[in-house]
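First the structure, in the form of structure tokens, and then the observations on it.
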Amino acid sequence: MSNLSATAVACANIALIKYWGNKNDALRIPENGSISFNLDSLFTQTKVSFAQEFSSDQLLINGKPADPAALIRVETFLDIIRNLAGKRMFAKVESENNFPIGTGIASSASSFAALSLSASIAIGLDLSEKDLSRLARRGSGSACRSIPAGYVEWYPGKSDEDSYAESIAPANYWNLMDLVVVVSQEHKKVGSTEGHKLACSSPFQKIRIENSPERLSVIRNAIRRKDFQALADMVEKDSNMMHAVMMTSSPSLLYWQPTTIAIMHAVQEWRRSGIPVCYTLDAGPNVHVITTKDYYKLIHEKLSELAGISQVYSSKVGGKAHLIE
Ligand code: DP6
């Protein structure tokens, strides 16, 4: 029996400048570049085994067979890898998230990054970091940013060849922390893949895209100089701009809950009092609160005093996707 297998681990990531809207939905070529950092404590471990004997692809998530939609997305992705390798074998994919599924914390970035690395190695491909990032992008756009280490920029590019992510600073360059504040555990009604397709229906998307090089440059410089105030102002602005696009799309996407807004106000008040802290939100009501290692305990305490919060997951900046035994 020919059984080719590999296991990889990849972190989730939080975008400081967001990816929202594609130039090409099928290839996930984004309309704008984005910058993120990896989340060391939130990761997916994926084992992939290819075998001639398998008659179909199988997907287990946390030990249970995945729902049909998730399986189809993974089968389509495995087809890309099979084509690259020129091999026609089905795979068994066993994926474990160390954070509970259904908490509203996105797992597509860590999942497709871990799957790209484990499946490509298992099938016998030895891809460069750039090509792995390009591959992960095909599974989930934000997954391309979970391949390189630390602080990462995704260059939007114009084609499959030049749309990939690269590390712009190592994980230990700056001691930022991310606290994911879980406001709602409900599964989102409109996921990111559908949301990206709606972005162009908002009149604000054009302005958001046109202005993105300037925002990217501010964040790049803020990271380089470890300038929290500059980072904070732009991170919140960029998140608000993406949500302005979401809210003004047709149909409109309104992810914020009352507790979401209460946290945003609290964070701004804490920053005004001199604490380095800011917020950013993905496609859901949960709030990512970013601070530095020195202040994270204080922020954690302050958050636990607010009403309506079910859980907080803290992470320092994480490393690159890697293989394990
Ligand atoms: C709001 O990468 O989840 O989190 O490519 O369809 O899987 P797909 O979308 P996804 O979109 C992420 C959107 C975001 C912003 C970001 O992470 O940049």
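Data table
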read-out	value
Solvent-accessible surface ranking, highest first, for ARG82, ARG271 at 1.4 angstrom	ARG271, ARG82
Long-range amide H partners of GLY319 with built H, under 5 Å	GLY150
Share antiparallel - DSSP beta bridges, the chain, percent rounded to 5	95
Relative compactness, the stretch 3-158, computed as alpha-carbon Rg over 2.2 N^0.38 Å	0.98
The stretch 64-69 - phi-based ³J(HN,Hα) in whole Hz, Karplus 6.51/-1.76/1.60, Gly and Pro as x	10, x, 6, 6, x, 5
The stretch 72-223: translational diffusion in µm²/s, Stokes-Einstein, Kirkwood Rh over Cα pairs, 37 °C, 0.692 mPa s	188
Solvent accessible area, Å² - ASP67, 1.4 Å probe, full protein context	90
Degrees, to the nearest 10: 212-225 long Cα axis against longest axis of the chain	80
The chain: calculated mean residue ellipticity at 222 nm from DSSP helix runs of at least 4, using -39500 (n - 2.57)	-11500 deg cm²/dmol
³J(HN,Hα), Karplus 6.51/-1.76/1.60, whole Hz, each residue of the stretch 161-177, x for Gly, Pro	5, 10, 10, 7, 10, 9, 6, 10, 7, x, 4, 8, 5, 8, 8, 5, 10
Candidate lysines for bridging to LYS206, where Cα separation is under 23 Å - those fewer than 8 sequence places away on the same chain excluded	LYS18, LYS23, LYS158, LYS197, LYS237
For the chain, fraction of C-alpha pairs farther apart than 32 Å, in %	25
By accessible area with a 1.4 Å probe, ligands and nucleic acids excluded, highest first: order of ARG225, ARG28, ARG145, ARG73	ARG225, ARG73, ARG28, ARG145
For ASN22, distant residues with modelled amide H under 5 Å away	GLU31
Along principal axes, Cα extents of the stretch 245-325, largest first, whole Å	45, 39, 22
Under-5 Å amide H pairs with ALA91, H placed in peptide plane, nonlocal only	ASP57, GLN58
0 to 90° range, to nearest 10: angle between helix 129-139 axis and the chain longest Cα axis	90
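The values are calculated or read from the model by the stated rules, or taken from the named source; none is laboratory data. Worth saying up front: this structure is predicted, and the values here are computed from it rather than measured. Side chains included, ligands, DNA and RNA excluded: accessible areas come from the protein's heavy atoms. Shrake-Rupley method; radii C 1.70, N 1.55, O 1.52, S 1.80 Å.
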